[in-house]
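Colleague: Right, I'll just put the structure down here and ask away after.
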Amino acid sequence: MTAWPRQPDNRTCGPSCVVVAETLPDLPDPRPDFTQQVLAMHRRLNTVWPRALGTTPWAVRRELGGRVRRYHEAEVLAALPRPVPVYLGSRWVPRHVVLVLEERDGVPWAYNPATGHLAPLASSSWRHRWFAVLPA
């Protein structure tokens, strides 16, 4: 399993995914400035929304382009090989963002900025899929 960069704090999963999406295919090479890039992206994405509450899917869409849709695995897989940010969470609220980068045997695999690994989406401890930011 290849180590990817980890998010610098517990509120920057969204900006971490955006930075990775914008710097592919150069990752997972070590990025000494990753933390600074993520924190700057967090400020840029959240001009109105409080950063303490994370990053909205609409801010991610504004940065990467595309459209926000409710999560449907078929749509996410059809959008590949373009990276697809996916919002995961509890039954009540989205809490985490991962970046789906590929599929293996029909299963979406995502970069998880909390762990710094690429793993099957189903392996996440967050069971509910809320939104996907699909490319245009």
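Colleague: For the stretch 62-79, does any single residue satisfy the condition of being of a type in the set (D, E, K, R) and surrounded by 18 or more Cβ atoms within 10 Å (Cβ to Cβ)?
Modeller: In the first step, residues of the stretch 62-79 are kept if they are of a type in the set (D, E, K, R); the result is 62-63, 67, 69-70, 73, 75.
In the following step, the residues that additionally are surrounded by 18 or more Cβ atoms within 10 Å (Cβ to Cβ) were identified as 63.
Yes: the stretch 62-79 contains one or more residues that are of a type in the set (D, E, K, R) and surrounded by 18 or more Cβ atoms within 10 Å (Cβ to Cβ).
Colleague: Residues in the stretch 113-136 that are in a loop (DSSP other than H, G, I, E, B) and either out of contact with any Pro (no Cβ under 9 Å at 6 or more places or on another chain) or modelled with pLDDT under 90 (or both): how many?
Modeller: The qualifying residues number 6.
Colleague: May I pose another question? If residue 61 meets every condition in (1) of a type in the set (D, E, K, R); (2) out of contact with any Leu (no Cβ under 8 Å at 6 or more places or on another chain); (3) at pLDDT 95 or above; (4) farther than 22 Å from residue 8 by Cα apart from one, which number is that one?
Modeller: It fails just one condition, (4).
Colleague: Here are the criteria: (1) among the hydrophobic types (A, V, I, L, M, F, W, C); (2) crowded, with 17+ Cβ neighbours inside 10 Å; (3) assigned to a loop (DSSP other than H, G, I, E, B); (4) free of Cβ contacts under 8 Å to residues at least 24 places away in the same chain. Tell me which single one residue 48 does not satisfy.
Modeller: (2)
Colleague: Shifting gears a bit: Go through 48, 18, 68 for me and flag whichever is β-branched (Val, Ile, Thr), modelled with pLDDT of 95 or more and more than 19 Å from residue 118 (Cα to Cα).
Modeller: Checking each option against the conditions leaves just 68.
Colleague: May I pose another question? Could you please let me know if residue 76 is more than 19 Å from residue 11 (Cβ to Cβ), without any contact (Cβ under 8 Å) to a residue 60 or more places away in the chain, under 15 Å from the mean Cα position of the chain (by Cα) and not in a loop (DSSP other than H, G, I, E, B)?
Modeller: yes
Colleague: Which of the residues belonging to the stretch 85-136 are crowded, with 16+ Cβ neighbours inside 10 Å and of a type in the set (D, E, K, R)?
Modeller: Result: 103, 129.
The values are calculated or read from the model by the stated rules, or taken from the named source; none is laboratory data. Everything numeric here is computed off the predicted structure, so don't read it as measured data. Reconstructed Cβ throughout: ideal geometry from the backbone, glycine too, with neighbour counts over all protein chains shown.
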